[in-house]
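The values are calculated or read from the model by the stated rules, or taken from the named source; none is laboratory data. Please read all numbers here as calculations on a predicted model, not as lab measurements. Ideal geometry is used to build each Cβ from the backbone, glycine not excepted, and the neighbour counts take in all protein chains shown. Ligands, DNA and RNA are stripped out before the accessible areas are found, and what is left, the full protein with its side chains, is counted by its heavy atoms. Shrake-Rupley method; radii C 1.70, N 1.55, O 1.52, S 1.80 Å.
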Amino acid sequence: MGFSGHRPYYAKKDNDRRELIFFLLLFAVILTKFYFLELEVSSHATRNPASVASSAGIVLCLTVAVSLFWRKVRAFSALTVDFLISLLAVTDLLHLRYYSDMFTFMNIGLSAQVGEIADSVTALIHPFDFLYFADIPLFIFFIYISRKFRSVPFFKKIGAIRFFASLLLIVVGVIPVVYRFWSYEKKVPGVLSSMWDRTAVCNNIGALTYHLADAKNAAGHTFFKEKISDVQISEVKNFFKEKKSGRAPDHLQGFAKGKNLIVIQVESLQQFIVDLRINGTEVTPNLNRFVRGSAYFSGIYSQTASGNSSDAEFIVNTGLYPSASGVAYTRFAGNRYKALPKVLEDKGYVSLALHGDRPGFWNRHRMYPSMGFSRFISKKDFVVDENIGMGLSDASFFRQSISILDNTQKPFYAFLITLTSHYPYNFDGIFKETELNTSPFEGTLMGNYLTSMKYFDDKFGSFIEGLRKNGLLDSSVIALYGDHTAIPAWDRSSLEKLLGRNLKNDWEWKYLQRIPLAIKIPGHQALQEEIKGPAGLIDLPDTFAYLMDFEFRTGFGTNLFENDRSEPVIFRNGSFITGNVLVEPLSRSAREMPEGKVLDYEKYAPMSEEVKKRLSYNDLILEHDLVPFLVRED
Ligand code: GP9
Ligand code: MN
């Protein structure tokens, strides 16, 4: 080769620069790829300096780390890293186009769904996407040409100075990443482990930092899982085998067999809304009428944890408690469930979920198939003719749902989740369409909440009318409930003012944290009295099983129509309600609700142990994917 034999003195320096240029280019190119990816996530990518620094920090660590590899494999390793990271970016692109969601390592292994997207890859990929890999042949060409015209090696041995300088650069790279993790978690606590909206996380902290957080979650859940013994599995299995159902009225048993099931989960519908009047006007006249024509349960407590809406959905469909940490929908979408949609599909039903948000929000696009829904009609499928707040307006959602249900094969199980009445309840369209004098709460969170409930009620009224017209009202069990509470503790005083009662103490406040549940049974008269006993959404699958005559074997709930219910309502933090007593084992307290009379905790200690046991069984089921074992006959 040209210069061998009499190497000029500057060749060594020249050589240094070529390798440096190579890694600098690699650094810049990777960052650029993610810059463009972030524009696909949102054309208004936030890109605050801390997020940009974090992305740069990650790429710096990667490039510097790979630059320390053995000289002979350095080029190959660097280009492999480049290829893999480009593949990650393109996978994100395809996910964004297909699910409106980022790719997550948590969903790796959901084979059926990987297959589903694989079929569509050719349809989703655009010719410009190949540009994400275009740098790789250019780098190869650069190395090839450089080697052709230089005798000195392109990649150098690592000396001590370079080694320590590289370590220093890695430290420099790590600092902004740690800072961004910390600052984002501080601003939105729990966001990185819950990941309820991956695109929003990505928009806030950058795609690379999102992937790092996601990889951390996936690794944590995969590698730090405790082993489970056969004895533990049998213990959990026995619990469900021995779970007894209490006596319930015979005339309701199987009364609604073969009917359609329509479950409506209403965003932020809190119990105090039912029959509420403000300035002489009923806030939710249609809901109140529906409640009067149904079995109405006024003692239902929200059992959701950090998964909010998705936890309510999870509880209602699986009969399991939410995840102890993180969110069941994002952590355990790969599990095998015998959930309501699956059980009903096995009985010849068609199960479909309808929701006006992006399919990827809360990982629904993954979780629904796992629970056995064969169809998910999301914002991607609805005609988005009206957008309010987070997605399709309830008006349009209900209107379109009517005709979808009309055209669905019978019997069906339809799970509808509303969206417009989402915190902070102040989306423009709500006010345009709703008349309600909320004085003296106009313009406040409470005033807006009442207006959004009135908005929901108007649209719900039209939905019920639509069902009546197409005959579905008389051929379907319709259950309606609120997913979780609406008024945050900081706004306690508004609720006190609205209801004219004192809510200063925790037990008074807790009593108000109820959500309504109404079940309309076709062909059956409404129950005369509301059912006031404490219960939870976890009891819904067993209740449907009783009314519609099917078996539901893997839920922790019990039938809500049982005569002498004594089951505790269990919350994810281990506290529970039994009768009218709120028990908090962590502080060893037992108090009557809502008056707050102190009771002897010791009396409730055995039940606290039972509650703890059930929650630990729940964790084992989720962590170790035990549902298939629970239903296996052996
Ligand atoms: C969005 C909606 C979110 O799809 O369900 O509700 P949230 O979990 O924030 O209450
Ligand atoms: Mn919600």
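Longer than 29 Å from Cα to Cα, which of Lys257/Lys454; Lys380/Lys510; Lys186/Lys338; Lys338/Lys380; Lys243/Lys347; Lys241/Lys379 are they? Say none if no pair is.
Pairs exceeding the cut-off: Lys257/Lys454; Lys380/Lys510; Lys186/Lys338; Lys241/Lys379.
Place a +1 charge on the Cβ of each Lys and Arg in the chain and a -1 charge on the Cβ of each Asp and Glu, then give the dipole magnitude about the Cα centre in debye, rounded to the nearest 20.
2760
What lysines sit close enough to Lys504 to cross-link, taking a C-alpha to C-alpha distance under 20 Å and skipping anything fewer than 8 places away on the same chain?
Lys597
With unit charges on the beta carbon (Lys/Arg positive, Asp/Glu negative), name the residue among Tyr368, Leu512, Val64 whose Cα is farthest towards the positive pole of the charge dipole of the chain.
Towards the positive end, the residue furthest out is Val64.
If you split all Cα-Cα distances of region 444-564 into 10 Å bins from zero, what percentages do you get per bin, shortest first?
In whole percents, the pair-distance histogram is 10, 32, 33, 21, 4.
Taking the dipole about the Cα centre of the chain, with the C-beta of Lys and Arg at +1 and of Asp and Glu at -1, give me whichever of Leu37, Pro137, Tyr481 is farthest to the positive side.
The listed residue farthest towards the positive side: Pro137.
Pop out the ³J(HN,Hα) list for region 620-631 in order, Karplus 6.51 cos²θ - 1.76 cosθ + 1.60 with θ = phi - 60°, rounded to Hz; leave Gly and Pro as x.
Residue by residue, region 620-631 yields 5, 4, 6, 5, 10, 6, 8, 3, x, 5, 5, 9 Hz.
Do the sum for the chain: with -39,500 (n - 2.57) for every DSSP H run of n ≥ 4, divided by all residues, what is the mean residue ellipticity at 222 nm, to the nearest 500 deg cm²/dmol?
Value at 222 nm, helices only: -15500 deg cm²/dmol.
Taking amide H atoms as placed 1.01 Å from N in the peptide plane, list the residues 5 or more away in sequence, or in a different chain, whose amide H sits under 5 Å from that of Ser302.
Under 5 Å from the amide H of Ser302 lie the amide H atoms of Ile515, each far enough along the sequence or on another chain.
Within the set of other residues whose C-beta is less than 11 Å from the C-beta of Leu37, count the net charge using Lys and Arg as +1 and Asp and Glu as -1.
-3
Please enumerate, by chain and number, the aspartates and glutamates with C-alpha under 18 Å from the C-alpha of Lys227, excluding those fewer than 8 residues away in the same chain.
Hits, sequence-local ones excluded: Glu235, Asp619, Glu623, Asp625.
Taking the inverse of the average 1/r across all pairs of different Cα atoms in region 9-223, what Kirkwood radius in Å do you get? Write down the numbers at each step before the final one.
On the way: mean 1/r = 0.0534 Å⁻¹.
Every distinct Cα pair counted, the radius reaches 18.7 Å.
Over the chain, what percent of the accessible surface lies on carbon and sulfur atoms, probe 1.4 Å?
58
Ranked by accessible surface with a 1.4 Å probe, highest first, in what order do Glu633, Glu562 come?
Glu633, Glu562
Solvent-accessible area per residue for region 9-223 at a 1.4 Å probe radius, Å²?
52
When all C-alpha to C-alpha distances in region 255-561 are sorted into bins of 10 Å, what percent of pairs does each bin hold, rounded to whole numbers?
Taking all Cα pairs of region 255-561, the binned fractions are 6, 29, 38, 22, 5, 0 percent.
Based on Cβ point charges of +1 for Lys and Arg and -1 for Asp and Glu, what charge dipole magnitude is obtained for region 9-223 about its Cα centre, in debye rounded to the nearest 20?
Working: 21 positive and 15 negative charges, 286 e Å.
With Lys and Arg at +1 and Asp and Glu at -1, about 1380 debye.
Give a residue-ordered list of calculated ³J(HN,Hα) values for region 474-487 (Karplus: 6.51 cos²θ - 1.76 cosθ + 1.60, θ = phi - 60°; whole Hz; x for Gly, Pro).
With the stated coefficients, region 474-487 comes to 8, 10, 9, 6, 10, 10, 10, 8, x, 6, 6, 6, 10, 9 Hz.
Quick one: what are the phi-derived ³J(HN,Hα) couplings along region 571-579, Karplus 6.51/-1.76/1.60 with θ = phi - 60°, whole Hz, x for glycine and proline?
Listing the rounded values in order: 9, 5, 8, x, 7, 7, 10, 10, x Hz.
Give me the percent relative contact order of the chain, please, defined on Cα pairs under 8 angstrom at least 6 residues apart.
Value for the chain: 18 percent.
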